[in-house]
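The block underneath contains the structure these notes are about, expressed in structure tokens.
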Amino acid sequence: MTRRELVERSALGGAALVCLLLAAALALLALDASRTRDALASGDVRYRVTPETPGLWSARTLVPFEAATTLLGSEDDVELRRAIRAVRLARLDDTSVSVSDPQVAILRNAAQARLDALVSGDGDAQEQSRAANLLGVLGLARVVTETQDRVALLSATVANFQLAIALDPDNDDAKYNLELVLQRSRGIELAEGAGGQNPSPGGTGSSGAGAGDPGSGY
């Protein structure tokens, strides 16, 4: 066998190995995509029952760098679900919770950080609108419970609801919430009944006010 033939055979062998590795990677990616879709569906079910469960909507994947999530384009879906969960865990409508409780502050700050990231990102306008609406809900809870800087808090709350409507003119939740906060904020004093709202499935604290079920309306 000549040297040229050896080189050609080596090149063919290398190409075959590359093809084999690529096929294996695609097979693993397909498996990860299936697991990711299943994790979204099962996470939605578990959220309704036990929203405090860690790891909701997370799949055990084999290909690194969340390639399956990128392939499916579900990053924003997952982040919005996690933001909704963070708002619910912040216990906005639990009157037994002290706003000075450090753990409550941590939960609410975490929820706000997730929502801020969604609103400032480059995702779907409807999802950004839902996130802006929830920022307004968080702001409304602060206006009700806090005594300092209420004018600034109220202004930011109104601005978030207005942004939600600008991003998605069909966002009836944001329209309702904007009307609610404007009606109840005359004189910068909210009525007692304008307090916390809970974006939990099936109940949002006021008609049209909350986040709805993860997995619905996306």
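The values are calculated or read from the model by the stated rules, or taken from the named source; none is laboratory data. Source: prediction; values computed, not measured. Using ideal geometry, Cβ is built from the backbone for each residue, glycine included, and neighbour counts are taken over all protein chains shown. Remember, those area values only see protein heavy atoms, side chains included, never the ligands or the DNA or RNA. Shrake-Rupley method; radii C 1.70, N 1.55, O 1.52, S 1.80 Å.
Matching residues to (1) among the hydroxyl-bearing types (Ser, Thr, Tyr); (2) closer than 29 Å to residue 107 by Cβ:
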position	(1), (2)
28	no, no
41	no, yes
49	no, yes
54	no, yes
58	yes, yes
61	yes, yes
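Condition check ((1) farther than 17 Å from residue 167 by Cβ; (2) assigned to a loop (DSSP other than H, G, I, E, B); (3) open to solvent by less than 20 Å² (accessible area, probe 1.4 Å); (4) hydroxyl-bearing (Ser, Thr, Tyr)) across all residues:
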{"site": "100", "(1), (2), (3), (4)": "yes, yes, no, yes"}
{"site": "119", "(1), (2), (3), (4)": "no, no, no, no"}
{"site": "134", "(1), (2), (3), (4)": "no, no, yes, no"}
{"site": "147", "(1), (2), (3), (4)": "yes, yes, no, yes"}
{"site": "152", "(1), (2), (3), (4)": "yes, no, no, no"}
Margin query: Whether any residue in the stretch 54-71 is out of contact with any Cys (no Cβ under 7 Å at 6 or more places or on another chain) and under 26 Å from residue 161 (Cβ atoms) is what I want to check.
Written below: no
Margin query: I'd like to know if the stretch 90-97 contains one or more residues that are free of Cβ contacts under 8 Å to residues at least 12 places away in the same chain, part of a loop (DSSP other than H, G, I, E, B) and open to solvent by 60 Å² or more (accessible area, probe 1.4 Å).
Written below: yes
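Would you pick out the residues in the stretch 66-86 that are in a helix (DSSP H, G or I) and small (Gly, Ala, Ser)? Show your work before the answer.
Narrowing the stretch 66-86 to residues in a helix (DSSP H, G or I): 67-72, 75-86.
Residues satisfying the conditions are 67, 68, 83, 86.
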Margin query: Can you list residue pairs whose Cβ atoms sit under 7 Å apart, with the first residue in the stretch 166-195 being surrounded by 14 or more Cβ atoms within 10 Å (Cβ to Cβ) and outside any helix (DSSP H, G or I) and the second being at pLDDT 90 or above and of a type outside the set (Gly, Ala, Ser)? Count only pairs 6 or more apart in sequence or on different chains.
Written below: 168/126; 171/133; 171/165
Check: For residue 111, are the conditions met, namely being buried (at least 20 other Cβ atoms within 10 Å of the Cβ) and modelled with pLDDT of 90 or more?
Finding: yes
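Anything in the stretch 110-152 that is acidic (Asp, Glu) and closer than 10 Å to residue 83 by Cβ? List them, or say none. Spell out the reasoning first.
Looking only at the stretch 110-152, we keep the residues that are acidic (Asp, Glu), and these are 116, 122, 124, 127, 146, 149.
116, 127, listed by residue number.
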Margin query: residue 209 - would you say it is at pLDDT below 85 and of a type outside the set (Val, Ile, Thr)?
Written below: yes
Notebook entry, point to check: Which one of the conditions (1) over 16 Å from residue 174 (Cα atoms); (2) in contact (Cβ under 8 Å) with a residue 60 or more places away in the chain; (3) among the aliphatic types (A, V, I, L, M) does residue 117 fail to meet, given that it meets all the rest?
Noted result: (2)
Check: How many residues are at pLDDT 80 or above and farther than 26 Å from residue 126 by Cβ when one looks only at the stretch 65-97?
Finding: 1
